[in-house]
1. Starting from the Cα of residue 101, step 7 Å along the direction of its Cβ; do the same at residue 252; then give the gap between the two resulting points in nm.
2. Among 239-248, 83-92, how do they line up by average Cβ neighbours within 10 Å per residue, starting with the highest?
3. Over its Cα atoms, what ratio of radius of gyration to 2.2 N^0.38 Å does region 163-267 give?
4. Quick one: angle between helix 69-82 and the longest Cα principal axis of the chain, in degrees between 0 and 90, rounded to 10, please.
5. Could you tell me how many degrees, from 0 to 90 and to the nearest 10, lie between the Cα long axis of helix 212-224 and the main elongation axis, the longest principal axis, of the Cα atoms of the chain?
6. Give, in nm to one decimal, the length gained when the segment between residue 85 and residue 51 is fully stretched (0.36 nm per residue of separation minus the Cα-Cα distance).
7. Enter the per residue convex hull volume of the chain, computed from alpha-carbon coordinates, in Å³ rounded to the nearest integer.
8. Do you know the relative contact order of the chain, to the nearest whole percent, from alpha carbon pairs under 8 angstrom that are 6+ apart?
Ligand SMILES: NC(=O)c1ccc[n+]([C@@H]2O[C@H](COP(=O)([O-])OP(=O)(O)OC[C@H]3O[C@@H](n4cnc5c(N)ncnc54)[C@H](OP(=O)(O)O)[C@@H]3O)[C@@H](O)[C@H]2O)c1
């Protein structure tokens, strides 16, 4: 890929995770980066890796717990103190809790909503007010947004909220130099527990699963082409469309049978 020089930064949330790192490694070819995640150590390691490969690029970061309004405000003040403007926002940070809703604690309910929805909207609002003349916003939702998902109910609802929100924002920002794309990936080989879940889903899981690099590449391609919504990969397009011929109740019973066998937590 051809490297461009830039004066503006690319903001990546969730940069320390599997998909976020893939975004960082792809985006560094196009511009300077501003990264965030909770772990200062992971952010520093990623910065060192990127700067070693691309010494002419600037990489800055701020460790931030996105569930904490004060921590977000500190990050925003830091950015303002440096005068950064953004030409791209990659909303990648997210938490995925999978279990029956009655087994949640109050803390977990709030945590997942805050990371997936509140923080994403808050960062998006901030970046819109600190944007370069042209801005691309790409948000990682999930295939879970397509249908209500018993045993993944809150996650699926938060991701559906993101797809809905960014579809509206796209129209609100039309003609103002802002492109907005939402990506709904299926399984992505990231954390060991996620890889194990994908393997546990048999042939279907393996067919539809993708690498983080593939997701980052398709997402960046989507926002460059100004696509509203993308399901990366052939089998994810099939999953997102073909089952619609069945009544919703049938689809949900199928999903419930599948997801009730797995549990995972997030902190
Ligand atoms: N993997 C999949 O199969 C899959 C499929 C569809 C959609 N997605 C979505 O893709 C995104 C990335 O997933 P992934 O698999 O790369 O997950 P991951 O490896 O667990 O990474 C999650 C990222 O979110 C950050 N994060 C979580 N809670 C945070 C908080 N309170 N404050 C700040 N940052 C926080 C983490 O930062 P720290 O590590 O620094 O805490 C990390 O950078 C998520 O939105 C997920 O819902 C994933």
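Computed from the coordinates by the stated procedures, all read-outs in this text should not be read as laboratory data. Remember, it's a predicted structure, so these values are computed and weren't measured experimentally. Neighbour counts run over all protein chains shown; Cβ positions are idealised from the backbone, glycine included.
1. 1.0 nm
2. Details: 239-248: 12.3, 83-92: 22.2.
Top to bottom by mean Cβ count within 10 Å: 83-92, 239-248.
3. Working: Rg = 15.9 Å, N = 105, 2.2 N^0.38 = 12.9 Å.
In units of the globular-protein estimate, region 163-267 measures up at 1.24.
4. Roughly 30 degrees between the two axes.
5. 70 degrees
6. Details: separation 34, 0.36 × 34 = 12.24 nm, distance 2.02 nm.
Between residue 85 and residue 51, full extension yields an extra 10.2 nm.
7. Details: hull volume 34.6 nm³, N = 267.
Expressed per residue, the convex hull around the Cα atoms of the chain is 129 Å³.
8. 19 percent
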